[in-house]
Amino acid sequence: MTAVFALPPYVPPPGVAALRAEIRAFIAANLPAGDPVHRANSWSVADNGFSRALGAAGWLGMVWPRRWGGHERPAMDRYIVLEELLAAGAPVGAHWIADRQTGPLLLRYGTDAQRAKYLPGMARGETYACIGLSEPGAGSDLAAVRSRAEKVAGGWRINGQKLWTSGAHRSHVMLALLRSEAGSERGAGLSQFLIDLDTPGITIRPVINLTGEHDFNEVFFDDVMVDDAALVGGEGNGWAQVTDELALERSGPERYLSSHALLVTLIDAARSASADNQARASGTENAALRATIGKLVAELWTLRQMSMATAAKLAGGDDPVVEAAIVKDLGNDFEQRLPLAVQAVLDLDLDGSTDLVRLLGHLLQVSPSFSLRGGTREILRGIIARGLGLR
Amino acid sequence: MSELRPQVVATAQALFAAAPDWSAIVAAGFPLLLVPEADGGFGGDWGDAFAVLQIAGGEALAQPLAEAMLAAQLIARAGVAQPAGLVTIGSGGGHAIGGVFTGHVAAVPWGRDAAHIVATIDTGADDPVMLLLPRGQVSEGSSPAGEPRDQLDYRGVPALRLGGADHALFGAFLRVAQSAGALGAALELATTHVNTRVQFGKPLAKLQAVQQSLAVLAEEVAAVQMAGAAAAAALDRGDGAFEMMAAKLRTNMAIHRGVALAHQVHGAIGFTQDYPLHRLTRRLMGWRSDFGGDSWAELLGEQALSAPGAELWADIVQRGDA
């Protein structure tokens, strides 16, 4: 029998109820009223005030050393806090990248000077980071990166362009993958640089997405001068480091909860219709609606088990590459199908007249991106196929 | 994990691979896996049952092990001594008055071979009753995979009441366990096939379209294995009703998606009597209907609708934290 997901179910330790109560109390006290549509896909919704409040309460940099502003909590404590924030639809987009991957990468590969400079601000929810990977000619084929860093006296001169950079316009730093060895090809000769985005020569331009929102950017580097301290990790070690960085972002709860707000709102709307109108009684008489919700709940529960089991494996120091790819692909498929399932079972005019309709309309438009960001469906399935010994 | 699991798993792997007859399975003690040691059983937990039935599913074991295991557990839970011979399970209708049953039990797995049946009977009252019945008048039927599924009819037959519980959810869980093994075995067959079958001058495995299909099959296997393991863990903690329903629903989705892919990459070769894939896939397709099928979805949906939307998350999480 082929065991492609040989992970035991994760059982949270005693005391987890107290942790949940704590973060839920924080959410209840701090969640901005705002537009209910922003509860969906909320790790793309930036709210600097909320991020600072999270930082002040000790919910950022949770696993990092105290010396760098962290709180030295167990990795699974952080997981539990993240899933509670996402399930509640909290706007965690501002600090998300710094907390999830830039900070951990600095802890693994950075110098003490880099850690001292950036980590405390990240843990306070004040310093935000963006990911400098994609370029016009390098999307899924990341090794085609061409932006270059040229060694000069006392530092590096950077030229080139990054594209599809989410949140660059609200970030302080970019962790960029650059070609540091002239004439190198593919994964060789690449290095990572942490670049302050207020450095002269950097131009950030919005790329407006299909719903009219500003999330993407293109970032131009024209003779940008950074000093030697901007190099993160080993010169020429960029490809290996980026591979590590990507492993941190594939199996988290954000990979299956992006549409959760719609399920919550659907249940509330059905209950309210049922209370308002006993004859129609959507909640109690609509068997198709009940069955749709039941199947979605079954998938939600299964994905949470898979995501937690993978997180526990990561927390143990292992690198469950295949398992993480499985969680992301199944999770993305779920969060993409959820709006379609709701659309199929309710006869709604998408006229923006209610929270339910607005959430549904929003997710129908943005959900195709869920299986693009952070590794496309095809790339993930290629990773799984390699795990099966097919390539 | 129970202390006896490694031994039980090793025994099951060796025995089930040899297509044993029923007496060999009984001799190894497997039907009594879930019966407490004090009652003459193994004292295994639900995790043990999950492990053993996964192996049985992977070997396409054509024996009523899951049914006998559950029947023995239900009999032991009712404080009744285990009767001799095969005991299987089923659902039906009728009335049991003064210890005498008249009615029927439908689609009983291996009903024709059973000495006794643990049957959940709808008597028209609010709650069904669970009875221990002898074998009734047999009308033979068969499952899609060709296994016995027999109707048993009764007129004035002595019946022993075991309690009010419904066995269907537990039956659903056992099918999840078998499906986890069978779908995993289908993936293994498919993987071996595409690595050896040459078309276009190379193994099928080198074609990206084939790789992507098998990746999806592997994802579905992963989902069933995780759902089943998590449901077993919940049962061993105490209440696993929600988890058994969720796991069965997720398993039904996985069979829907996975069986088609396993056959797709095999082409016509997988569609023959000689090739072993059908022993897995025909059973999997039939198991989707067993013990409630997709009808659990309405119940899960009703539960979700019984509280405000935000409570859904709190409830799922609280069950896992317990």
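Values quoted throughout were computed directly from the atomic coordinates according to the rules given, and no laboratory measurement underlies them. Computed from a predicted structure; not experimentally measured. Please note: Cβ atoms are built from the backbone with ideal geometry, for glycine as well, and neighbour counts cover all protein chains shown.
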For A:Ala116 and A:Arg186 in the same chain, what is the full-extension length gain: residue separation times 0.36 nm, less their Cα-Cα distance, in nm? 22.0 nm
May I ask for the angle, rounded to the nearest 10°, between helix B:208-237 and the longest principal axis of chain B, with both axes built from Cα atoms and the value confined to 0 to 90°? 30 degrees
At a Cα cut-off below 26 Å, give the lysines reachable from B:Lys248, other chains included and same-chain residues fewer than 8 away excluded. A:Lys295, A:Lys313, A:Lys328
Which one of A:Val92, A:Val232, A:Val16 has the biggest mean-square fluctuation once chain A is modelled by GNM with Cα springs under 10 Å? A:Val16
Under 5 Å between amide H atoms, partner at least 5 residues away or on a different chain: which partners does B:Arg197 have, H built in plane at 1.01 Å? B:Leu204
Just subtract the alpha-carbon distance of A:Ala344 and A:Ala287 from 0.36 nm times their residue separation and send over the number in nm, one decimal. 19.2 nm
With no solvent and one equal point scatterer placed on each C-alpha of region B:101-167, evaluate the Debye formula and give log10 I(q)/I(0) for q = 0.17, 0.28 Å⁻¹, two decimals. -0.57, -1.24
What is the helix-to-structure angle for A:238-247, meaning the angle in degrees between its Cα long axis and the longest Cα principal axis of chain A, kept from 0 to 90 and rounded to the nearest 10? 10 degrees
Principal axis dimensions, largest first and in whole angstrom, of the protein assembly as shown by Cα: 97, 65, 48
At what distance in nm do the modelled label points of B:Met285 and B:Arg155 sit from each other, each positioned 7 Å from its Cα along Cα→Cβ? 3.8 nm
What percent does the relative contact order of chain B come to when contacts are Cα pairs within less than 8 Å and at least six residues apart? 15 percent
Order by neighbour count: A:Asp198, B:Asp294, B:Asp239, fewest other Cβ atoms within 10 Å first, most last. A:Asp198, B:Asp239, B:Asp294
Residues with amide H under 5 Å of A:Gly89's amide H, sequence separation 5 or more or different chain, H placed in the peptide plane at 1.01 Å from N; which? none
How large is the helix-only mean residue ellipticity at 222 nm for the protein assembly as shown, computed as the sum of -39500 (n - 2.57) over DSSP H runs with n ≥ 4, divided by its residue count, in deg cm²/dmol to the nearest 500? -15000 deg cm²/dmol
Is any residue of region A:159-202 close enough, with backbone N under 15 Å, to a label point placed 7 angstrom from the Cα of A:Val152 along the Cα-Cβ axis, and if so, which? A:159-160, A:199-202
Angle between the Cα long axis of helix A:260-276 and the longest principal axis of chain A, 0 to 90 degrees, nearest 10? 20 degrees
Nearest-0.05 FRET efficiency for B:Ala38 and A:Ala315 at R0 = 60 Å, using Cβ-Cβ distance, is 0.90
For a quick check, take a GNM of chain A with Cα springs below 10 Å and name the residue from A:Gly132, A:Gly160, A:Gly316 with the largest mean-square fluctuation. A:Gly316
Given the options B:Gly47, B:Gly301, B:Gly240, state which has the largest fluctuation in a GNM of chain B using a 10 Å cut-off (strictly under) for Cα springs. B:Gly301
Which FRET efficiency, nearest 0.05, do B:Val138 and B:Ser295 yield, Cβ-Cβ r, R0 25 Å? 0.40
Alpha carbon centre of region B:251-274 versus region A:37-90: separation in Å? 43 Å
Filter the chymotrypsin sites (Phe, Trp or Tyr not before Pro) in region B:187-273 to those in DSSP coil with at most 14 other Cβ atoms within 10 Å of their Cβ, and list the result. B:Phe200
Averaged across the residues of A:52-60, what count of C-beta atoms belonging to other chains lies within 10 Å of each residue's C-beta? 0
Relative contact order, percent, region B:204-315 [alpha-carbon distance under 8 Å, six or more residues apart]: 25 percent
When only Cα pairs under 8 Å and 6 or more residues apart are kept, what is the percent relative contact order across chain A? 15 percent
Given charges of +1 on the Cβ of Lys and Arg and -1 on the Cβ of Asp and Glu, with all other atoms neutral, how large is the dipole of the protein assembly as shown about its Cα centre, in debye to the nearest 20? 1020 debye
